[in-house]
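J.: Below you'll find the structure I mean.
The values are calculated or read from the model by the stated rules, or taken from the named source; none is laboratory data. This structure is a prediction, so every number in the text was calculated from the model and none was measured. Here the Cβ positions follow ideal geometry from the backbone for every residue, glycine too, while neighbour counts run over all protein chains shown.
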Amino acid sequence: MQAATTLFLRHGYAGTTMDDIAALAGITKRTVYNNYPDKEVLFTRIVMEMIAYAERFAHGLQGEFGTVRTPAALRARLHDLGRRMALAIVTPEVIALRRLLIGEARAFPGLGRAYFDRAPGQVIAALAAGFETLARADLLRVRNKQRAAEQFAYLVVGARLDEGILIGRAPTKARLVSSAREGVETFLARYALHEAPAAA
């Protein structure tokens, strides 16, 4: 699995053979075929494993805002979340996976859909639920929780993720953190119901 992941992300689906995978793993091709009947099954398994990682991140967002009670606590929590999202999402592995899924979209359209629904889709759903909680606590002005969640996600990671996908490498940590911080401030300017001291 590790060898196949490395090769698929590096060379794409078409550019990787089962011989290559066996050689990098240090096993025989027969051993590979004993565990995975063909390259397509192995490729699908790897993508689904990466989707499961994203789902675990999204699951961790549940209950993120249940203890937020003040505007200052809201600002601090959103800045912390924005930073964590930027550093967890805009990584070389995620960039490589998204480039791979785009490149193989015609051959594996279902994988792209599954990734969209279960990775960014689950993160957006968790954010939307959290923002609904914050609206009920009179901390955010949210009429459309889905749209607010999408805007938050794009403000903190979208531009840098697009940059990484198109250029092929992740921006620096400092650039990611700075962009996320500015994104959170923009989100608060639109949605916060009460003023709080801006983050330094």
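J.: Select from the stretch 85-127 the residues that are within 11 Å of the chain's Cα centre (by Cα) and more than 18 Å from ILE165 (Cα to Cα) and write down the one among them that is surrounded by the most Cβ atoms within 10 Å (Cβ to Cβ).
T.: Checked the stretch 85-127; the qualifying residue surrounded by the most Cβ atoms within 10 Å (Cβ to Cβ) is VAL123.
J.: If you don't mind, there's one more thing I want to ask. Do you know which of the residues in the stretch 14-68 that are closer than 30 Å to ALA137 by Cβ and of a type in the set (Val, Ile, Thr) is modelled with the lowest pLDDT?
T.: The selected residue is THR67.
J.: Mind checking which residues of the stretch 49-92 are in contact (Cβ under 8 Å) with a residue 60 or more places away in the chain, within 21 Å of GLN2 (Cα to Cα) and of a type in the set (Asp, Glu)?
T.: GLU55
J.: Can you find a residue in the stretch 142-161 that is of a type in the set (S, T, N, Q), closer than 30 Å to ALA4 by Cβ and touching a residue at least 12 places away in the same chain (Cβ under 8 Å)?
T.: no
J.: Do any helices (runs of 4 or more DSSP H) entirely within the stretch 11-103 hold 2 or more residues that are of a type in the set (Lys, Arg), and if so, which?
T.: Hits in the stretch 11-103: 29-35, 39-60, 71-89, 92-103.
Per-residue answers, yes or no, for (1) surrounded by 14 or more Cβ atoms within 10 Å (Cβ to Cβ); (2) at negative phi; (3) not charged (D, E, K, R):
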{"site": "HIS11", "(1), (2), (3)": "no, yes, yes"}
{"site": "THR16", "(1), (2), (3)": "yes, yes, yes"}
{"site": "ILE27", "(1), (2), (3)": "yes, yes, yes"}
{"site": "VAL32", "(1), (2), (3)": "yes, yes, yes"}
{"site": "ASP38", "(1), (2), (3)": "no, yes, no"}
{"site": "PHE43", "(1), (2), (3)": "yes, yes, yes"}
{"site": "GLU49", "(1), (2), (3)": "no, yes, no"}
{"site": "ALA52", "(1), (2), (3)": "no, yes, yes"}
{"site": "GLU55", "(1), (2), (3)": "yes, yes, no"}
